[in-house]
Amino acid sequence: MDIVFEGFDTAAGPGPACRDEDGEALALPDAENDGVVRDVLTRGVDLQQHSRQIERELQELEEAQLAGYEAQEGALAELDAEIRGCDEVLGEMERLLAGFKASLGAINKDIQALQRDSGAMRQQLRNRVAAERQLARVVQGVAVAPEAVRTICEGEVNEAYQECLIEVNKKIAYMRVHAKQHRRLRAFGEMQPELERLRLKASARVRGFLLDKIGSLRALSTNAHVVQSSVFLKYRFLNHFLIERHAEAAVEVRDTYIHIMRQYYLDHFEAYRHGLARLERPAADRADVIGAEEPAKLAGLFGGSAKAAPAAGAGAGAGARDRAGAFSLGARAAVLDAADPRAIVLAVAGDADGARRPFEELFRSFNLALVDNATAEYEFITQFFVSPKARQSAAGADMVRLVFGHIFEPSLRCGEQFARAHLDATHDALGVLLCVRIVARLAAELQRRRVPALDAYVNALNMLLWPRFQAILDGHIESIKRLSPPAARSRARARIDTQPPPAVRRYAELTASLLRLNAGHGTHAVALGLARLRAELQAHLAHVADGSADRHAALVFLINSHDQLLAVLAEHGFGDREEEVAAWRQEMAATVLAFAEAQLDARFGYLKQFVAGAEQQSDIAQIGADALGHVAATFNAEWRAQIAAINVAVIQSFSNFRTGTEILHAVLGQLIVYYTRFHGLFDKRFARRPPDGVCQPVGVQNVMVEIKKYRNNF
């Protein structure tokens, strides 16, 4: 179809009208949007010619394309053949894959079957392993090796025998625990009677072995503790086997051991007790009391006076019979702090006089040996006669106490008899209290060792010791009471010795010793006994002083007694914080004040009486001027001489420098107090100056200056 462009005007712009052969207008693409059309129109090319040229070019291209197709015809045929061959190969492969798929399906079924078979086999294996494991436990639990059976029945009882018995005991225990669970198993039915016969055979052999070893303990020369550690504890499982597997044989072994060891310990402790008794050195007897009579009062065989040597440690003027150590503790307290806690060995100590010792050392040695042996025996019984399973139970503890009590009951009674035999005859309060402290330390040691089986024995000793201690103190108190003479005799006495009596020294030594032993303990019974002793001695001293016709001598006697007593307590390290020292110091202060008042009554009585009466007057004007002048004149005339006389009296009465100085100061100080009060009355009565004829008293300062001259006269 030829295209005709009509009315095309290049100047008119785009959008020319185009028509076809029929004259119909054709719509052309927008020239502005087509670069080729815009180029052709711009150059003014003939469109028809240009169209024909394009057609020629297209025809040429078509012919060239056809020629190219014809040239590639063979290649295309080959390609077509190859494609057909590929189709055939792919078809074959499709058939192969279909067959492979079918094979894979069959293989999958086979694999699933194999998996099912494998699971079944695995379950069967697990069942077989579990059954084998259970069967192995059963076989291992009940089967006994022939060598073990031969050893149990015929072998020597030794460590190898014990090892075999341990294995057999495990079999028996397994059999008894699982008998009901595996009662249908044939092995249990076959092995149970065999194990029972083996148990009886082992029990018989173990019983014979243990009884033979226990029988060797009968000889006193045998060291039981060595046998216990080297034999019984080494083979303690043998007895545990009897306890668990043959109770009758175990009871027989235990009773035999109790019977033999009961006598063994009793024989040894009886011999040790008698040996120690030969070493005792008496420390005090019935005559060694605070209030023992003085030598001058002791009658001789034919009516003469029997003189006794003064005891060591007795004070000045003490002639009463007194042994060293009866009242003074000395080195006896070392028994409580002994560096070597071992008991006395009789073979080493001997019977010589130099080997004799006070009872507290023997008491400590006996009970130390008893505690050591009891501790060892308690531990042995716990390990040998109680199985490990029962050891932590109440039944096990009861068994230990039962066996221990049967064995040691006679030995403990021997210890009580040892203490009682001494206590019935002793009058040594210090020795008894030392024994009390020893018992307390032994009780603490038993508690540390966790051996409660001796608690009753410790309590029994205390029940023996404390009443005897109180009885001895009562004896001292009664002896002091006997020192006080009847009232009739007391009034008949004209004068007394101003030196402290021997009872004061004895009391001070005994009190210091008891305080030392009570330090750190604070035992009420000791404190109460000391208070009773103190009250009785105070009453005795007051009774003696009251029976004297010489008031001055009586006061000097009391002060010297108190001073000696306090000096002894101070020597032993007891100060005012101690109740005993404070009580006696208060007593001495009251006596010193009474002595000062007595001295002032003798030399300045007029001054004291005037001051006491004048201070009772409600009006100072009622005090007579003449009376004041008379007292002042009398004092001025003789005060220096009287002070000197007081000084001489104190020097002659008290030989102790410190005590004499304190007493002199107390007397003169009391004088200053009365004279100062008199001066105050004088000054109030005569406010400005005394009237004519009334003597002016000497100044207080002058008196004090004079008193200072006597400060260091001792």
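The values are calculated or read from the model by the stated rules, or taken from the named source; none is laboratory data. As the structure is a prediction and not an experimental result, all values here were calculated from the model. Backbone-built Cβ (ideal geometry, glycine too); neighbour counts: all protein chains shown.
Quick check on the stretch 505-515. Is at least one of its residues modelled with pLDDT of 90 or more, surrounded by fewer than 22 Cβ atoms within 10 Å (Cβ to Cβ) and under 36 Å from the mean Cα position of the chain (by Cα)? Yes, some residue in the stretch 505-515 is modelled with pLDDT of 90 or more, surrounded by fewer than 22 Cβ atoms within 10 Å (Cβ to Cβ) and under 36 Å from the mean Cα position of the chain (by Cα).
Residue under question is Lys481, and the condition is that it be closer than 30 Å to Ala553 by Cα and surrounded by fewer than 16 Cβ atoms within 10 Å (Cβ to Cβ); does it hold? Taking the combined requirement at face value, the residue satisfies it. Return a yes/no flag: does the stretch 152-173 have any residue that is modelled with pLDDT under 85 and surrounded by fewer than 11 Cβ atoms within 10 Å (Cβ to Cβ). Checked the stretch 152-173: no residue is modelled with pLDDT under 85 and surrounded by fewer than 11 Cβ atoms within 10 Å (Cβ to Cβ).
Does any residue of the stretch 629-642 turn out to be of a type in the set (Val, Ile, Thr), out of contact with any strand residue (DSSP E or B) (no Cβ under 7 Å at 6 or more places or on another chain), farther than 16 Å from Asn560 by Cβ and loosely packed, with under 13 Cβ neighbours inside 10 Å? Among the residues of the stretch 629-642, not one is of a type in the set (Val, Ile, Thr), out of contact with any strand residue (DSSP E or B) (no Cβ under 7 Å at 6 or more places or on another chain), farther than 16 Å from Asn560 by Cβ and loosely packed, with under 13 Cβ neighbours inside 10 Å, which makes the answer no.
Quick check: is even one residue across the stretch 690-702 without any contact (Cβ under 8 Å) to a residue 40 or more places away in the chain, farther than 30 Å from Ser561 by Cα and either acidic (Asp, Glu) or not in a helix (DSSP H, G or I) (or both)? Yes; the residues of the stretch 690-702 include at least one that is without any contact (Cβ under 8 Å) to a residue 40 or more places away in the chain, farther than 30 Å from Ser561 by Cα and either acidic (Asp, Glu) or not in a helix (DSSP H, G or I) (or both).
Here is a yes/no grid of residues against (1) over 39 Å from the mean Cα position of the chain (by Cα); (2) aliphatic (A, V, I, L, M); (3) not in a helix (DSSP H, G or I):
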{"site": "Met191", "(1), (2), (3)": "yes, yes, no"}
{"site": "Glu196", "(1), (2), (3)": "yes, no, no"}
{"site": "Leu200", "(1), (2), (3)": "yes, yes, no"}
{"site": "Arg205", "(1), (2), (3)": "yes, no, no"}
{"site": "Leu210", "(1), (2), (3)": "yes, yes, no"}
{"site": "Lys213", "(1), (2), (3)": "yes, no, no"}
{"site": "Leu217", "(1), (2), (3)": "no, yes, no"}
{"site": "Val226", "(1), (2), (3)": "no, yes, no"}
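State whether one or more residues within the stretch 228-242 are surrounded by fewer than 20 Cβ atoms within 10 Å (Cβ to Cβ) and small (Gly, Ala, Ser). Within the stretch 228-242 (the criterion being surrounded by fewer than 20 Cβ atoms within 10 Å (Cβ to Cβ) and small (Gly, Ala, Ser)), the answer is yes, since at least one residue qualifies. Note on the stretch 516-537: residues that are assigned to a helix (DSSP H, G or I), of a type outside the set (Gly, Ala, Ser) and either surrounded by fewer than 17 Cβ atoms within 10 Å (Cβ to Cβ) or in contact with a Leu (Cβ under 7 Å, 6 or more places away or on another chain) (or both) amount to 8. Out of the residues in the stretch 372-426 meeting the condition of being of a type in the set (D, E, K, R) and outside any helix (DSSP H, G or I), tell me which one is modelled with the highest pLDDT. Taking the candidates together, the pick is Asp424.
Looking across the stretch 187-225, the residues that are of a type in the set (Asp, Glu) and more than 15 Å from Arg176 (Cβ to Cβ) come down to Glu190, Asp212.
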